[in-house]
Amino acid sequence: MAQAKEQILKNTNAKILDEFNASVMFDKELYDQDIRGSIAHSKMLCAQGILTLEDQQDIERGLLQVKEEIESGKFEFKIADEDIHMAVESRLTQIVGDAGKRLHTARSRNDQVATDFRLYVKEKNQSIMKQLKTLVETFVDLAAKHTTTLIPGMTHLQHAQPINFGFHMLAYANMFKRDYERFQSSWQRNDYSPLGSAALAGTPHNIDRFKSCELLGFKEPTACALDTVSDRDFALEILFNISTSMMHISRISEELILWSSYEFQFVKMSDEYATTSSIMPQKKNPDVPELLRGKTGRAFGNLISLLTVMKGLPLAYNKDTQEDKEGVFDSVKTIEISISILNDVIKTMHVNVEKMENACKIGHLSATDLADYLVQKQNMPFRTAYYITKSVVARANELNKDMSELTIDEIRSAASEIETINEEIVDFLNLRNSMNARNSFGGTSSEQTLLQIENFNKWLKTI
Ligand code: ARG
């Protein structure tokens, strides 16, 4: 009786340990890369005379059958197989017999997993770039519709200077353009094939790493086997790139949440992106941008998690690195859905031009223009101009007006130094003129905004 109990306990422990050790339930995501890697490896082995053509053809046929079984849902993933590499190989051997057992010649799961994962990350870098391109186009198209729409430009979330809404949208187009370039440079930096590094030190077999590299579409084989089997920089880079993009997505989401509040009412998101409260029927909550903002947390978490996994690892491969995948898969899924949803939100939202422009009449947005005028036209020291401007602001407040609404007499009466100021100052304080006055390169004037849009469109044509 006691013996039977002990046996059960042993079996249970073994089962727990098998599950603990296994990665197949999540690394099955890499089945396609694994099969492509194996086909390339078998072709290289055959070209080198290490595998017969017959064996290679059996292997390739068998691998394609495994792929078909996985894709049609027929494949049975078993914990006992431990990981996707063993799962594919053992099914292959069932299908083609001994040829399947020859496939693992001159490689190890260490270079195999590095190859699969690099392929996956490279392909995801590329597909995310495509999505980012679409997102940049969406922001640029929206910007093109609003190069004369005024909106209060803010610092410290306080009204600062009038800008146009197109210019504001271009700020995001710039962020997502940088993201695009970051994903691009990451895949270019990591476009090297690990295959043939073997366990850690290369192999005595007469392999041709350049051949398998070419078959897999990498630029070159990696330079050092020891580094290759333990390097996960490519995974860290995509996690960082995703985190940065999510941070940008979170920032625009934050603005959308503010802008759709009663206090702003600058935009109205399409009804699909808001839900009602279960208790307050009159409410519409911006759940979707809130979730985009919230999901940023897991992207950051995945980055920190892998950095932490890697920090103490001695060379070369350690099982710790099996922990590299789930976070990457999660971050990739998060960014893919987030870009796609954000793109739709921006495309379908209603921009309330009137509310934006009315908001510009609060907070004396053109105050800096008076100071600039006094400096430029009257050669006044900036500090003096600053104090005079302050008096005009005070005057406007007394009159319960915005500075842009003051008459010439009201302006002149604010300070003795400007008693005879030229009447043209009224035009300078006009909000639209104020926006257009910022015509320096990269500035907010409609002219500069149009130029920035033109440059974006040129760039979009080159990618
Ligand atoms: N499942 C493993 C991983 O994801 C594959 C490599 C296993 N290699 C080994 N020597 N145990 O890292």
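Couple of notes before you dig in:
- Between HIS248, THR276, PHE234, the Cα set farthest toward the positive side of the dipole of region 223-303 (charges on each charged residue's Cβ, about the Cα centre) is that of THR276.
- Only the Cβ atoms of Lys and Arg (+1) and of Asp and Glu (-1) were treated as charged; on that basis the dipole of region 199-290 about its Cα centre amounts to roughly 100 debye.
- Gyration tensor verdict on the chain (Cα atoms; rounded if a/c is under 1.5, prolate if a/b is larger than b/c, oblate otherwise): prolate
- Degrees between helix 325-348 axis and first principal axis of the chain (Cα, 0 to 90, nearest 10): 40 degrees
- Neighbour-count ranking [beta-carbon atoms within 10 angstrom, fewest first] of THR296, THR203, THR420: THR420, THR203, THR296
- Separation between Cα centres of region 101-176 and region 1-66, rounded to whole Å: 36 Å
- Principal-axis analysis of the Cα atoms of the chain puts helix 382-398 at an angle of about 80° to the longest axis.
- Of the residues PHE210, PHE176, the one with the fewest other Cβ atoms within 10 Å heads the list, and the complete ranking is PHE210, PHE176.
- When VAL140, VAL88, VAL375 are arranged by Cβ crowding within 10 Å, least crowded first, meaning fewest neighbours, the order is VAL375, VAL140, VAL88.
- Measuring between their Cα centroids, region 410-435 and region 213-268 lie 48 Å from each other.
- Protection-proxy order for peptides 347-353, 13-19, 167-173, each taking the mean of Cβ atoms within 10 Å per residue, highest first: 167-173, 347-353, 13-19
- The helix-only estimate of mean residue ellipticity at 222 nm for the chain, built from DSSP H runs of length n ≥ 4 each weighted as -39500 (n - 2.57), is -21000 deg cm²/dmol after division by the residue total.
- Cβ-based charge dipole, the chain, positive-most Cα from PHE456, MET25, GLY363: MET25
- Rounded tilt (10° steps) of 31-47 against the dominant C-alpha axis of the chain: 50 degrees
- Here LEU9 and GLU336 are evaluated by their C-beta separation; at R0 = 56 Å the FRET efficiency comes out at 0.80.
- Each Lys and Arg Cβ is given +1 and each Asp and Glu Cβ -1; about its Cα centre, region 138-212 then shows a dipole of about 60 debye.
- In a reduced charge model with +1 at each Lys and Arg Cβ and -1 at each Asp and Glu Cβ, the chain shows a dipole moment near 300 debye about its Cα centre.
- Three-way shape call for region 1-138 based on the alpha-carbon gyration tensor, with the a/c threshold at 1.5: oblate
- Counting DSSP beta bridges with both ends in region 141-273, the antiparallel % (nearest 5): 75 percent
Throughout, read-outs are computed from the coordinates displayed, never taken from laboratory work. Just so we're clear, the structure is a prediction, and the values are computed from it rather than from any experiment. Neighbour counts run over all protein chains shown; Cβ positions are idealised from the backbone, glycine included.
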